[in-house]
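Visitor: What follows is a single structure, and I will ask about it in a moment.
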Amino acid sequence: MKLQVTLQGSPIIKIPQGGKIKTDPLEVKVQAGEKIFLRLSSNKPQTYTDFGNTYDTTLTNAGIIRKADGLPRLRSSFTARRGWFCLDQVQLYTVKQPKVILFTGDSLIEMGLISDSLTAKLYRNFPEKVVALNSGISGNRVLHDAPEDELLYQTFGQGLLERVPKLLNIKPDLVFVFAGGNDLILPLLSTQAQAQLVSAEELAEAMAKVQLLVSENGGVLLWGDLFPFKLGHNNTVFHTKMYNNAQQIRRRLNQLVRGRGYVFHNNFVENNEGQLADTYDLGDHLHIGKEGGMKIAARLYKRVCLALKLY
């Protein structure tokens, strides 16, 4: 079935610069597990600075083509990102009352390699009993908003600590977070962020604030501690005093939060040198690949099921 999306009855949809719109509802019955395809096209040249993206095509795929009348090819692999412009969310209405998981944080969430590994297993075993939402933003930090000194950095969004109260308006039963790495990495890259250095204690305090907000909202928080990272394939390139300090803060933070019940630890994806093991590394020494995402999902699956009372 093919249906036209409209805005106030018109098939021509204009989005104000920097704004959002909500299209008219479509009455179409969708079954759990059924695929939905959405196509957005423009017959005028567009200029964008960012777009949503995924690396994991298990649940979401996307494609971009530079012709308004063309159709993109939806490829499947875990080695390149697929992106989409403009589309923020699709709302589905149901008489069911599924448990809601909110995945949020930085690129480790937005890329889908962790979140979709876990979500796919939950959807398969508990159809119509759980729904997952992804609000990850590549480059997102916990304590500071996006730097302004480069266009790319400006897409990294409002700091997670500021975003959380608005995200909690959806009343998630479980909030699943990977964030904090960019608070350490961005000062190594951005001139503005160099004046926004954070300590392990400040990050640990921010995590506690998020846990309190989630708890007061009636939800459960799970927050992953920080993966090891390297910048560049040449190990000596970024071995400066600031780089080494960032590494020390990461290790210190993981020690500080070790006893917190809402924190889960990811040292099983590290090698003997304390870096991401090749098996789990996406290849950039910053991100977990599909094997790593599946490993983390397997470790957390039972914990998530118990938190959501799915058994």
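Visitor: All but one of (1) closer than 17 Å to ASP225 by Cβ; (2) open to solvent by less than 50 Å² (accessible area, probe 1.4 Å) hold for CYS305, so report the exception by its number.
Guide: Exception for CYS305: condition (1).
Visitor: On to the next question. Could you run through the range 37-86 and say how many residues are over 16 Å from the mean Cα position of the chain (by Cα) and of a type in the set (S, T, N, Q)?
Guide: Number of matching residues: 9.
Visitor: Let me ask something else about it. Take SER117 and tell me if it is under 30 Å from CYS305 (Cβ atoms) and of a type in the set (Ser, Thr, Tyr).
Guide: In short, yes.
Visitor: So in the range 203-232, with the set limited to residues that are open to solvent by 20 Å² or more (accessible area, probe 1.4 Å) and in a helix (DSSP H, G or I), which one is farthest from HIS265 (Cα to Cα)?
Guide: Step by step, filter the range 203-232, then rank; the result is GLU216.
Visitor: What number of residues within the range 162-190 are at pLDDT 95 or above, in a loop (DSSP other than H, G, I, E, B) and open to solvent by 10 Å² or more (accessible area, probe 1.4 Å)?
Guide: The qualifying residues number 2.
Visitor: Taking LEU286, is it at negative phi and not in a loop (DSSP other than H, G, I, E, B)?
Guide: On the way: at negative phi: yes; not in a loop (DSSP other than H, G, I, E, B): no.
Considered against the rule, which asks whether it is at negative phi and not in a loop (DSSP other than H, G, I, E, B), LEU286 comes out as no.
Visitor: Just to check your reading of the model, which residue among GLY33, GLY52 is open to solvent by less than 90 Å² (accessible area, probe 1.4 Å) and within 20 Å of ARG124 (Cα to Cα)?
Guide: Working: GLY52 fails: within 20 Å of ARG124 (Cα to Cα).
Unique residue meeting the criteria: GLY33.
Visitor: What's the total number of residues in the range 106-119 that are in contact with a helix residue (DSSP H, G or I) (Cβ under 8 Å, 6 or more places away or on another chain) and over 18 Å from LEU282 (Cα atoms)?
Guide: Of the residues in that region, 0 qualify.
Rundown of residues vs (1) under 30 Å from ALA146 (Cα atoms); (2) modelled with pLDDT of 90 or more; (3) assigned to a loop (DSSP other than H, G, I, E, B); (4) assigned by the TED database to the domain that holds THR155, yes/no style:
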site	(1), (2), (3), (4)
VAL5	no, yes, yes, no
ILE21	yes, yes, yes, no
PRO25	no, yes, yes, no
VAL30	no, no, yes, no
THR49	yes, no, yes, no
THR60	yes, yes, yes, no
ILE65	yes, no, yes, no
PRO72	no, no, yes, no
THR79	yes, no, yes, no
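The values are calculated or read from the model by the stated rules, or taken from the named source; none is laboratory data. Everything numeric in this text was worked out from a predicted model, so none of it was measured. All Cβ positions, glycine included, derive from the backbone under ideal geometry; neighbour counts span all protein chains shown. Note: accessible area is taken over every heavy atom of the protein model, side chains too, but ligands, DNA and RNA are not part of it. Shrake-Rupley method; radii C 1.70, N 1.55, O 1.52, S 1.80 Å.
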